[in-house]
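Contents: one structure, followed by commentary.
The values are calculated or read from the model by the stated rules, or taken from the named source; none is laboratory data. For clarity, every value in this text was computed on a predicted model and none was experimentally measured. No Cβ is skipped: glycine too gets one built from the backbone with ideal geometry, and neighbour counts run over all protein chains shown.
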Amino acid sequence: MLVRYVETVLDRPIVTESPMLLRSSLLTFTFLLIPLFPFALASARDTMVQPEPPLQVEETLEENDRPLSEPSVLLQQGFQQLYKSQLQEALSSFQQAMEQYRQVGDRAGEATALLGQAETYLWLGQYDQELELTQQALSIYQLLGDRSGEAAALHLMGDAYVSLDQVDSGMESLQKALVIRREVGDRQGEGWTLGLLGIGQLRQGELTVSLETLQQSLEILNAGVEPGEQLQQQYRRGVILAWLGNAYRQQEEYEKANQYVQEALTLSRSIENRSVEILSQFVLGALLTNQEKWDEAIAAYQQAQTLAEQTGNRSSQADAIAEIGAIYLERSDYDQAIDYYQQVLGIYREKGDRYNQAETLY
């Protein structure tokens, strides 16, 4: 019998009919890009994993001419925790920094802390919070006339809109961010925003254009940077490599897709970024599913599930479990499939996600 399935380009499903249950579920990133993994008949959003650290904050105290203030230390700590996928810890650091910046009336610092929180919510799959905080930061940057900060906020805003399936609004924000990146000469930022535009193009079904944009993004991100920027750069490269793997998977160039995914996995592990690794494992699982390598696909999704649990990303954890359930469903192992879908349902009930509860029951 024909089974309804969703073929996901970015984070929202296109329902169709197929003899097999194939879901192209790809973590926000989620972006990200990630952040970031919808499953069949559900619209849980991709952790698209398109993170946007707005300012370079990876300097050590020894590299500064003067000691950092306490909120600056918290801000630096927050981004370092974010890069290491210590998401709850990062959120706490950013919130404390924001409060202290507000106490001393430092609006620029406050805006940066807001964007740090927004990016953390991105990786946690909480896109409404990401959008709300990004809008607050954007208002502050525009008030201050800070064009670089404005570009960073527009970038994250575009990410949030795309993740919330408001793709046109997302692409508009990203185009604005790209114009400013080029205006201020932020070459690495330009490459990063191009990458998210490429993901958006993939979401719109423009596969050929998307591949060109993603390759252009990677070329820019491969350029040399200062030592203090290297972790951020590798973080971004990992996201783009994973999405290139996804794009080539959709083009059915499986060997090339696997090369990019394996490079993304190696890179994510070298910088100990579990969020990027989750994204890469989802891409790998989808790639193996396309090739009907069921056991290997299950192993990839199980790894994504474990990593998501470790980082506190319940959305990605649910999506990974659902992917495994779908494979068992395709193999007519209905008892196993039901068991996995029951686990997914439990997570959505815990989160109060009534929409995806209904979709799972359906």
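What to note about this one:
- Test result for Val239, crowded, with 22+ Cβ neighbours inside 10 Å and either on the phi > 0 side of the Ramachandran plot or not polar (S, T, N, Q) (or both): yes
- Residue count for the stretch 139-178, restricted to those that are of a type in the set (D, E, K, R) and not in a helix (DSSP H, G or I): 2
- Residue within the stretch 210-228 that is buried (at least 23 other Cβ atoms within 10 Å of the Cβ), polar (S, T, N, Q) and touching a Gly at 6+ places or on another chain (Cβ under 6 Å) present: yes
- Pick from the stretch 161-193, criterion crowded, with 24+ Cβ neighbours inside 10 Å and more than 23 Å from Gly145 (Cα to Cα), ranking: nearest to the chain's Cα centre (by Cα): Ser163
- Identity of the residue in the stretch 234-288, under 22 Å from Gln317 (Cβ atoms) and among the acidic types (Asp, Glu), that ends up modelled with the lowest pLDDT: Glu272
- Hits in the stretch 249-307 - residues which are charged (D, E, K, R), at negative phi and surrounded by fewer than 24 Cβ atoms within 10 Å (Cβ to Cβ): Glu253, Glu255, Lys256, Glu263, Arg269, Arg274, Lys293, Asp295, Glu296
- Flag if Ile338 is buried (at least 24 other Cβ atoms within 10 Å of the Cβ) and out of contact with any Gly (no Cβ under 6 Å at 6 or more places or on another chain): no
- If you go through the stretch 102-116 and pick out every residue that is of a type outside the set (Gly, Ala, Ser) and under 18 Å from Glu132 (Cβ atoms), you end up with 6.
- Among residues of the stretch 308-335, those that are surrounded by fewer than 24 Cβ atoms within 10 Å (Cβ to Cβ), closer than 25 Å to Ala257 by Cα and of a type in the set (S, T, N, Q), counted: 0
- Test for Ser210: is it within 27 Å of Gln166 (Cβ to Cβ) and at pLDDT below 95: no
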